[in-house]
1. Give region 27-63 a look and list any residue that's surrounded by fewer than 21 Cβ atoms within 10 Å (Cβ to Cβ), of a type in the set (Val, Ile, Thr) and not in a helix (DSSP H, G or I), or say none.
2. In region 58-104, how many are closer than 22 Å to Thr193 by Cβ and in contact with a helix residue (DSSP H, G or I) (Cβ under 9 Å, 6 or more places away or on another chain)?
3. Considering only residues that are under 15 Å from the mean Cα position of the chain (by Cα) and free of Cβ contacts under 8 Å to residues at least 24 places away in the same chain, which ones fall in region 32-58?
4. Of all residues in region 64-85 being in contact (Cβ under 8 Å) with a residue 40 or more places away in the chain and over 17 Å from Thr209 (Cβ atoms), which is surrounded by the most Cβ atoms within 10 Å (Cβ to Cβ)?
5. Out of region 198-224, which residues are farther than 21 Å from Gly43 by Cα and surrounded by fewer than 16 Cβ atoms within 10 Å (Cβ to Cβ)?
6. Looking only at residues in region 69-103 that are within 22 Å of the chain's Cα centre (by Cα) and of a type in the set (Gly, Ala, Ser), which one is nearest to Tyr34 (Cα to Cα)?
7. Regarding region 17-25, can at least one residue be identified that is more than 19 Å from Ser195 (Cβ to Cβ), surrounded by 14 or more Cβ atoms within 10 Å (Cβ to Cβ), within 21 Å of the chain's Cα centre (by Cα) and modelled with pLDDT of 95 or more?
8. Could you say which residue among Ala97, Ala49, Ala7 is modelled with pLDDT under 90 and over 17 Å from Ala211 (Cα atoms)?
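The values are calculated or read from the model by the stated rules, or taken from the named source; none is laboratory data. Quick caveat: nothing in here was measured; it's all calculated off a predicted structure. Cβ coordinates were reconstructed from backbone atoms using ideal geometry, including for glycine residues, and neighbour counts include every protein chain displayed.
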Amino acid sequence: MKKAVLALLLSSSVLCAASPGIRPRADARSYPVYQDRGEFAVGVSLVPAEQVKKMFKADLNSDGYVVIEVGVFPAAGKELDLYPTDFTLFVGEKSAALRPVSADTVAEVVAGGKGRSSPRDSHDVETSVGASIGRYSYPDPVTGRRRSETVTGTSAGVGIGGPPPQPCRGYDCDSRDPFPPGSQPSTVQTANTISQDLWEKSLPDGKTTRAVAGYLYFPKPPRKAKDAAWELRYENADGKLRLALAR
């Protein structure tokens, strides 16, 4: 009996570890801006740039992104079908809608050009040994939404001339970046690390009856909109919300 209970607890912890998100605040009113529609409430907070720099492995602000913390609180007995792209950011009344960007995409942009190995003589003998860890994204056959799984892999090879064998990122394979020998991080490794860090803290998606919270990553608005009002909008079958962000 004890073994069965232990196994259940372990399996539950694994499932929790595989889900993104952060601990929600006490309630929607705990956020600087919130709205309550009765069946659900949403609280949001625009994370200051200096705080963003300390929270993530990448300096998202310098790389062209803003971060918004979102907490979603379904009413007792109510189920909410949540998806990050139900949220859009407007900066000024006449601005185009900005949609949140996935952790994978942000990681690709941020890691681009970092950790690339230097060109080698085409006659050199190349060897590479490495391991990669990342997330594999795929569409759920039932809901159509994208799901993610953490995967690991290893690669090893030897050849004469040309780049060494390529490791697979799990959710994508970059054929341009060789896996460098030794401890020097490649673009692939850097992107994996950034993507995993961002995904683990991102707003969960799917149906939920409990409070959930996480971060959304948006492209930084243009400088000409510096003094414009920022508004986060939420819209799906469950309802519509417009939340004026405090900056």
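1. Selection gives Val33, Val47.
2. 15
3. Val52
4. Val70
5. Pro222, Arg223, Lys224
6. Across region 69-103, the extreme among qualifying residues is Gly71.
7. Yes: one or more hits.
8. One residue alone meets the criteria, Ala7.
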